[in-house]
Amino acid sequence: MTPTPTSARRKEGVGVTPTPQREKDRAGVTPLRDALLEESIYLPIEATIAAAQPMTKLEKLFKVELPQGLSLQHEPGQFVGVSVLGVGEAPISISSSPSRSNGSFELCVRKVGAVTQALHALKPGQSIGIRGPFGHGFPVADFRGKDILFAPGGLGLAPLRSLIQEVLDQRHLFGRVVLLYGARNPSELLFTDEIESWRQRGDMEIHLTVDRGDEAWKGNVGVITTLFPKIQVHPRNTIAVTVGPPVMYRFVLMELLGKGIPEGNIWLSLERRMKCGVGKCGHCQMNHVFACQDGPAFSYAQIKPLEEAL
Ligand SMILES: Cc1cc2nc3c(=O)[nH]c(=O)nc-3n(C[C@H](O)[C@H](O)[C@H](O)COP(=O)(O)OP(=O)(O)OC[C@H]3O[C@@H](n4cnc5c(N)ncnc54)[C@H](O)[C@@H]3O)c2cc1C
Ligand code: FES
């Protein structure tokens, strides 16, 4: 077979945002997506699991190391395609912030099916495939100067953690920072040690809730919307970011809009069944929008007109 010229193969990556020169120059490292585009955006790069830490019965936190000289250079809210050889690929959000991801990054993975079960069975030192980062994340630079209200539910804290870390690493650039986080029960709350360290900082307001408590749980019991009466916001100066199961969005949106936060100031992440990650296969299409490429982070104002979005 005649090899495809690189210029033609580059066209396969039309849906991938080009890397600004400024980022390419940073510390002489190559952004992963540029390395992929040299061959094909569909061919993963082999990366190494540096650590795999159980978090709950179903979730593990993976630290992934890219080959030397490559860097992810992602935006908070973007995702990667993670593949296990001989099993398949699944889209997984990047859970660590760009500010803390230099050659390595973190993924919080819930064991639900073939790929994620195979991933959970892998040990540090073993290889996985990585493509990406894909899509548009949260426009954190536009959030500067605003109060930030994070409202994740369950596994939704995994992608939001990337944004929370990014905000906390530049804390002086933002106003009040509030976290409202809910899970079904105390054993399903993620990143509990890190949440405690955020609480210790003293510059972030945190309220947790669980749908069902246990004997040790002393906190709020009820769905995440029961936390909203505990906080006051300056609606026009607040950016709200919520990530969670689709059923949660309807109720959280009602609370946020009820507090007077403008539709364009409310951000969420939409998960769809995804395959290519670059706007080619159509698996993630909602009306005329591709969640993999136009999202997964959207403002409510952007998706409100899309019948298939929520
Ligand atoms: C942008 C994005 C970011 C994500 N981030 C994360 C993350 O950070 N962490 C994480 O754990 N997961 C994340 N996910 C979800 C993850 O990609 C899915 O759970 C993925 O399907 C797991 O692959 P699997 O092969 O293990 O399971 P699958 O075999 O795909 O099964 C997963 C679940 O989906 C159901 N299912 C399978 N096929 C279909 C179908 N055709 N239609 C409807 N339901 C079906 C199964 O019954 C099962 O409950 C993300 C998804 C997207 C789109
Ligand atoms: S995943 Fe293929 S078009 Fe979005």
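Quick notes on this one:
- In this calculation the C-beta distance from residue 259 to residue 200 is compared with R0 = 30 Å, giving a FRET efficiency of 0.60.
- Set of aspartates and glutamates with alpha-carbon distance to residue 280 below 18 Å, sequence-local pairs under 8 removed: 12, 39, 89, 271, 294
- About its Cα centre, the dipole of the chain is roughly 140 debye, where the only charges are +1 on Lys and Arg Cβ and -1 on Asp and Glu Cβ.
- Each residue of the stretch 234-244 was assigned a 3J(HN,Hα) from its phi angle through the Karplus curve 6.51 cos²θ - 1.76 cosθ + 1.60 (θ = phi - 60°); the sequence is 9, x, 6, 9, 10, 9, 10, 10, 10, 9, x Hz, with glycine and proline shown as x.
- Taking a sphere under 12 Å around the Cβ of residue 148 and counting the other residues whose Cβ falls inside, with K and R at +1 and D and E at -1, yields a net charge of -1.
- Taken over the C-alpha atoms, the stretch 245-310 has Rg and Dmax values of 12.3, 39 angstrom.
- Secondary structure note: in the chain, about 60% of the DSSP beta bridges are antiparallel.
- Options 53, 291, 209, ranked by Cα towards positive dipole end of the chain, top entry (Cβ charges): 291
- Chain lengthening between residue 211 and residue 287 when straightened (0.36 nm per residue, less Cα-Cα): 24.0 nm
- Using Cβ point charges alone (K and R +1, D and E -1), the dipole size of the stretch 192-310 about the Cα centre works out to roughly 300 debye.
- Counted over the chain with a bin width of 20 Å, the fraction of Cα pairs per bin, in whole percents, is 33, 59, 8, 0.
- Spatial separation of Cα centroids for the stretch 237-274 and the stretch 95-127, in angstrom: 26 Å
- With 22 Å as the limit on Cα-Cα distance, the pairs of 57/230; 230/259; 60/123; 218/259 that go past it are 57/230; 218/259.
- For the chain, the 222 nm mean residue ellipticity estimated from helices alone, with every DSSP H stretch of n ≥ 4 adding -39500 (n - 2.57) and the total spread over all residues, rounds to -6000 deg cm²/dmol.
- Surface share of carbon and sulfur [accessible, 1.4 angstrom probe, percent] for the chain: 52 percent
The values are calculated or read from the model by the stated rules, or taken from the named source; none is laboratory data. Everything quoted here is computed from the prediction, not taken from an experiment. So basically every Cβ, Gly included, is an ideal-geometry build from the backbone, and we count neighbours across all protein chains shown. Heads up: the accessible areas ignore ligands, DNA and RNA and are worked out on the full protein's heavy atoms, side chains in. Shrake-Rupley method; radii C 1.70, N 1.55, O 1.52, S 1.80 Å.
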